[in-house]
Amino acid sequence: MKLLSLGAGALGGYFGGRLHQAGTDVTFLVRAARAEKLKAEGLRIQSPRGDAALTVKTVGDGALGGPYDIVLLSCKAYDLDSAMDAIAPAVGVDTVVVPVLNGIRHLDALDVRFGRERVVGGVARIGATLSPDGAVVHSSPFAAISTGERDKGRAPRPVLVELAEALKRAGVDGGLHPDIMQDMWDKWVMLGTLASLTCAFRAPVGDILATKDGEAIVRETIAECSQVAAAAGHAPSEAALKMVEGIMLTRGSMFAASLLHDVERGGRVEADHIVGDLLARAAAAGIATPNLRFAYAHLQAYERRRARERAGEAL
Ligand SMILES: NC(=O)C1=CN([C@@H]2O[C@H](COP(=O)(O)OP(=O)(O)OC[C@H]3O[C@@H](n4cnc5c(N)ncnc54)[C@H](OP(=O)(O)O)[C@@H]3O)[C@@H](O)[C@H]2O)C=CC1
Ligand SMILES: CC(C)(CO)C(=O)C(=O)O
């Protein structure tokens, strides 16, 4: 199996690196600055599952090699258009695109660009960042990718089975999911709540819960996200809700969304993709989502201020 990883950022670097370590033929499609860093220092991973410094294959725009069996897509949502342009020459008739972005909306764009048959579902569960010096820093005890056919009940195509086996050999949990769309929505219900609230409060879960109304606000926001999922035909099961509550209602928890880490380093954020899209779907279904509304406005204000500051304008 030949796999192209779009990017060697937090997720592309971690999962692509682990697959490479375990013997999969992995090539990283990277931009010039990242290519230079990887050439000079290798792909460095710091992780509770073992540190690594790997010599990896890279390609740049225009000379992708291939054909590839799998394209693992792990860009941020705001880079999706440029990422699709970059991978287009690598997507052949039988190539399968496996996106692991948070949210759902990217599937529509990928379908239009590459055809629905080539795009499967994917969910990543990991806490990871790219450090300023270019190392992939894995900070969560978990590291998982679930994938699957988007048509529930369809047997996974052989190359997806092969990918799941390769991920397992690479020490990545998850595997093939029989209802990947539900899994994507379940993750989104959790992340919609986590990202909205940790960003709005600028604090991890435990600090939110330590406020007088924190628990009530968390419960309301879980309900808002769950109603949006239900309107899309993907209401979380009781077990899925328990998982969300387990994450969002643990006193003292230092857990926060990667989106908060992006805010704290003054970076771009996937506000539209992760929170705005939930809000748009709520509006279309006539669901009131006051907490998401506030959280999205907060993120939009952050984006405006960031743009102004980057343009050198004063506060
Ligand atoms: N970080 C986390 O813990 C988790 C993140 N996610 C989701 O996964 C997705 C990826 O997140 P993450 O890995 O953190 O993001 P990163 O910013 O760390 O990595 C994204 C990478 O994509 C690369 N990229 C973007 N466009 C192109 C392009 N046109 N050509 C080549 N490379 C490109 C970027 O390269 P360059 O360096 O050149 O900009 C960057 O290295 C997001 O949707 C996020 O929400 C999901 C679960 C957990
Ligand atoms: C919550 C977490 C860390 C789980 O994978 C995540 O997806 C994110 O913050 O982007």
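The values are calculated or read from the model by the stated rules, or taken from the named source; none is laboratory data. The model shown is predicted, which means the values in this text are computed figures rather than measured ones. All Cβ positions, glycine included, derive from the backbone under ideal geometry; neighbour counts span all protein chains shown. These area figures cover heavy atoms from the full protein model, side chains too; ligands, DNA and RNA do not enter into them. Shrake-Rupley method; radii C 1.70, N 1.55, O 1.52, S 1.80 Å.
I'd like the carbon and sulfur percentage of the solvent accessible area for the chain, probe radius 1.4 Å, heavy atoms only, ligands and nucleic acids excluded.
54
Using a 7 Å offset from the Cα along the Cα-to-Cβ direction at both ARG219 and ASP51, what is the distance between the two label points in nm, to one decimal?
About 4.5 nm separates the two model spin labels.
Which aspartates and glutamates, if any, have their Cα less than 12 Å from the Cα of LYS152, not counting same-chain residues under 8 positions apart?
Straight-distance partners of LYS152: ASP179, ASP183.
Taking the Cα centre as origin and putting +1 on Lys and Arg beta-carbons and -1 on Asp and Glu beta-carbons, what dipole magnitude results for region 2-178, to the nearest 20 debye?
260
Under 12 Å from a label point 7 Å along Cα→Cβ of ALA155: give me every residue in region 88-119 with its amide N that close.
In region 88-119, the label zone of ALA155 (backbone N under 12 Å from the point 7 Å along Cα→Cβ) covers no residue.
How big is D, in µm² s⁻¹, for the chain by Stokes-Einstein at 37 °C and 0.692 mPa s if Rh is the Kirkwood radius over C-alpha pairs?
It comes out at roughly 163 µm²/s.
Between region 23-72 and region 211-234, how far is it from one alpha carbon centroid to the other, in angstrom?
The distance from the Cα centre of region 23-72 to that of region 211-234 comes to 39 Å.
Run down the lysines and flag those whose C-alpha is under 21 Å from the C-alpha of LYS39, throwing out any fewer than 8 positions away in its chain.
Partners within reach: LYS2, LYS57.
Restricting to Cα pairs below 8 Å that are 6+ residues apart, what does the relative contact order work out to for the chain? Please round to a whole percent. The partial results should precede the final answer.
Working: 558 pairs, mean separation 45.6, N = 315.
About 14 percent, as a whole number.
Where a ≥ b ≥ c are the square roots of the eigenvalues of the C-alpha gyration tensor, would you call region 182-310 rounded, which needs a/c under 1.5, or, failing that, prolate if a/b is larger than b/c, or oblate?
oblate
Considering only protein heavy atoms, what per residue accessible area in square angstrom results for the chain with a 1.4 angstrom probe?
Averaged over the residues of the chain, the accessible area is 45 Å².
Let a ≥ b ≥ c be the square roots of the eigenvalues of the Cα gyration tensor of region 133-245; is it rounded (a/c under 1.5), or, if not, prolate (a/b larger than b/c) or oblate?
Values: a/c = 3.01, a/b = 1.44, b/c = 2.09.
Cα axes put region 133-245 in the oblate bin.
Which whole-number percent is the relative contact order of region 182-310 (Cα, under 8 Å, 6+ apart)? Provide the component values of the computation, followed by the final result.
Details: 147 pairs, mean separation 45.5, N = 129.
Relative contact order here is 35 percent.
Enumerate the whole-percent occupancy of each 5 Å bin, from 0 to the last occupied one, for all C-alpha pair distances of region 75-168.
With a bin width of 5 Å, the distribution comes to 3, 11, 20, 22, 21, 15, 7, 2, 0.
If each of MET243 and LYS39 carries a label point 7 Å out from its Cα toward its Cβ, how far apart are those two points in nm?
4.2
Could you tell me which of rounded, prolate or oblate describes region 261-315, using a ≥ b ≥ c as the square roots of the eigenvalues of the alpha-carbon gyration tensor, with rounded for a/c under 1.5 and, failing that, prolate when a/b is larger than b/c and oblate otherwise?
prolate
Taking the convex hull of the alpha carbon atoms in region 2-178, what volume per residue do you get, in Å³?
Considering the Cα atoms of region 2-178, their hull volume per residue is 104 Å³.
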